[in-house]
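> One structure follows; several queries about it will come next.
The values are calculated or read from the model by the stated rules, or taken from the named source; none is laboratory data. Not measured: the values here are computed from a predicted model. Here the Cβ positions follow ideal geometry from the backbone for every residue, glycine too, while neighbour counts run over all protein chains shown. Areas reflect the complete protein model, heavy atoms only, side chains present, ligands, DNA and RNA absent. Shrake-Rupley method; radii C 1.70, N 1.55, O 1.52, S 1.80 Å.
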Amino acid sequence: MLLREMAYVPVTLLRQYGSRAALRRFQLRRLNRFLAHANANVPYYRGTLPQLASTADLARVPLVTKAIMRATPNREFVADGVDTDACVAWSSSGTTGQRISGWHDMHAHDHHMAACVRRFFATRRYLPTDRLAHLKPFPMPPRLVEKAGLFRRHVILTTTPPAEWITGLLAYRPKVLIGYPVHLRELVRTMTDAQRAALREHLRLVLTESELLVPACRALLEEGFGVPVRDEYSAYETLNIYFECHLGGRHLAEDRVYVEILGEDGTVLPDGAEGQVVVTAFDERAMPLVRYALGDIGTIDAEPCRCGRRFRTMTLTSGRMNDAVVLPDGRKLFGDLFLGVAMHEPGVAEMYVRQDAAGTIRVFVVPDGSLPADAVVAGTQRTLQERAGAAIPLQLHLSDRIPLTAGGKGQLVVSEYAPALAVNRAD
């Protein structure tokens with residue numbers, strides 16, 4: 001509901017500031033209210049959830065993983081009396097192709113949408129009157145506020161050829177461009193120098209979403225578009241998790257999510273330590289998910305951001321926990337290594353990697369046409385071995401394009417190898 005969403009905007013802007021102690025008290029109240037609701041109304045949790053004396057006590061509650069979600073009828077997670085037709089439906093699919101679906105109640109979704117406004121404001125490069133072009137694999141309905149000339153969004157469908165993306169962008173002349181990194185990389189690679197120069201006449205900011213943004217990709221996009229690139233982290237199940245400010249701090253939306261970082265033994269790690277990301281979106285009432293393990297790897301930063309926001313910052317370090325190949329000696333190679341090679345290896349446009357159940361690693365290289373194919377393959381293999389620091393048992397193949405998920409995202413690394421999946425408690 002637009003009016004409720006608008007009412008939430010000033011609240012979400014103010015909640016960024018204040019003391020950490022006050023924020024912890026706020027989170028504890030909201031978490032206890034959330035747990036009491038799920039305990040009384042959600043079949044999956046009924047009668048099992050405690051009340052917390054401190055936020056740290058949340059660690060006593062078992063995780064909900066994607067494997068559990070797939071094995072449990074989703075109505076078991078829906079609160080009694082909820083009319084799902086009046087909710088916002090969501091659906092996600094992982095590397096297995098098995099969909100997980102659910103619903104957000106309108107209050108929680110409106111709060112999320114209002115919180116997204118601060119994401120734009122935090123960049124200090126966006127005004128509500130600016131034109132925003134959104135590269136998206138599916139259409140998005142226009143919103144009432146756009147009729148007033150505010151938060152205008154022009155969707156460019158990535159299901160069309162890249163040449164049509166460029167035509168649409170140059171005609172629309174956006175000040176802000178938002179999209180998945182895989183599509184933004186394609187734009188940089190496809191546009192001519194003259195087209196990039198024309199786009200830069202108006203463009204002030206690029207925003208990425210959905211996929212992991214590694215430093216090599218950020219550098220390529222900032223050089224290609226000539227403007228700052230700011231990141232966002234969200235999931236269908238929990239909505240926005242962090243947003244990036246003008247100083248580069250990736251701030252957790254701590255007024256609506258509680259984030260934990262877990263070690264391999266399931267214990268909560270201190271700030272600064274790397275582990276799997278677990279999120280509790282405590283605004284949700286239609287389908288509460290307590291301690292939902294997303295399967296991503298990250299760290300909550302130990303030092304506060306210089307911008308003054310009280311929300312902690314975090315960094316996603318290697319993508320999803322099964323977005324890695326496993327070598328015979330047990331070492332893992334994550335997607336950022338392969339993406340780094342793709343960003344800098346001459347003749348390479350894109351790269352993706354598949355490891356089958358037997359452990360065979362196949363690297364697919366999408367050439368950019370500037371070098372002979374055999375030279376691209378030989379150079380890529382040599383560079384991969386150098387970056388890995390050891391011989392990698394792999395097979396190299398040429399490909400036309402990087403494959404996308406049903407949601408239109410690029411999947412750089414997918415492993416079906418049992419040792420890789422065994423450590424992934426979230427998928």
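> Please tell me if Leu132 is within 20 Å of Tyr233 (Cα to Cα) and in contact with a Lys or Arg (Cβ under 7 Å, 6 or more places away or on another chain).
yes
> Another question about this same structure. Looking only at the range 113-158, which residues are over 20 Å from Val206 (Cβ atoms), of a type outside the set (A, V, I, L, M, F, W, C) and not in a helix (DSSP H, G or I)?
Those that are over 20 Å from Val206 (Cβ atoms), of a type outside the set (A, V, I, L, M, F, W, C) and not in a helix (DSSP H, G or I): Pro139, Pro141, Pro142, Arg143, Gly149.
> Can you name the condition, by its number, that Thr158 falls short on among (1) open to solvent by less than 40 Å² (accessible area, probe 1.4 Å); (2) touching a His at 6+ places or on another chain (Cβ under 8 Å); (3) modelled with pLDDT of 90 or more?
(3)
> If Ile166 meets every condition in (1) more than 22 Å from the chain's Cα centre (by Cα); (2) at pLDDT below 95 apart from one, which number is that one?
That leaves (2) as the condition not met.
> Test Pro346 against the criterion of being at pLDDT below 95 and either touching a Pro at 6+ places or on another chain (Cβ under 9 Å) or surrounded by fewer than 23 Cβ atoms within 10 Å (Cβ to Cβ) (or both), and give yes or no.
yes
> Is it true that Cys245 is in contact (Cβ under 8 Å) with a residue 60 or more places away in the chain and in contact with a Cys (Cβ under 6 Å, 6 or more places away or on another chain)?
Spelling it out, Cys245 is indeed in contact (Cβ under 8 Å) with a residue 60 or more places away in the chain and in contact with a Cys (Cβ under 6 Å, 6 or more places away or on another chain).
> Within the range 22-71, which residues are loosely packed, with under 14 Cβ neighbours inside 10 Å and of a type in the set (A, V, I, L, M, F, W, C)?
Ala22, Ala36, Ala40, Ala53, Ala56, Ala71
> Run down Ala378, Ala373, Ala358, Ala390 and say which single residue is without any contact (Cβ under 8 Å) to a residue 24 or more places away in the chain, more than 24 Å from the chain's Cα centre (by Cα) and open to solvent by 30 Å² or more (accessible area, probe 1.4 Å).
After applying the criteria, what remains is Ala378.
> Looking at (1) in contact with a strand residue (DSSP E or B) (Cβ under 8 Å, 6 or more places away or on another chain); (2) assigned to a loop (DSSP other than H, G, I, E, B); (3) closer than 24 Å to Pro181 by Cβ, can you tell me which one Pro346 breaks?
Of everything listed in (1) in contact with a strand residue (DSSP E or B) (Cβ under 8 Å, 6 or more places away or on another chain); (2) assigned to a loop (DSSP other than H, G, I, E, B); (3) closer than 24 Å to Pro181 by Cβ, Pro346 misses just condition (1).
> Only one of Arg173, Arg200 is touching a residue at least 40 places away in the same chain (Cβ under 8 Å) and open to solvent by 10 Å² or more (accessible area, probe 1.4 Å). Can you tell me which?
From the options Arg173, Arg200, the qualifying one is Arg173.
> Is it the case that some residue within the range 124-140 is exposed (fewer than 15 other Cβ atoms within 10 Å of the Cβ), more than 23 Å from Phe225 (Cα to Cα) and of a type outside the set (Phe, Trp, Tyr)?
Looking through the range 124-140, at least one residue is exposed (fewer than 15 other Cβ atoms within 10 Å of the Cβ), more than 23 Å from Phe225 (Cα to Cα) and of a type outside the set (Phe, Trp, Tyr).
> Looking at this structure, is Ala36 free of Cβ contacts under 8 Å to residues at least 24 places away in the same chain and under 27 Å from Thr12 (Cβ atoms)?
Yes: the conditions hold for Ala36.
> In the range 218-265, what residues are aliphatic (A, V, I, L, M), over 21 Å from Thr299 (Cβ atoms) and open to solvent by less than 10 Å² (accessible area, probe 1.4 Å)?
Leu221
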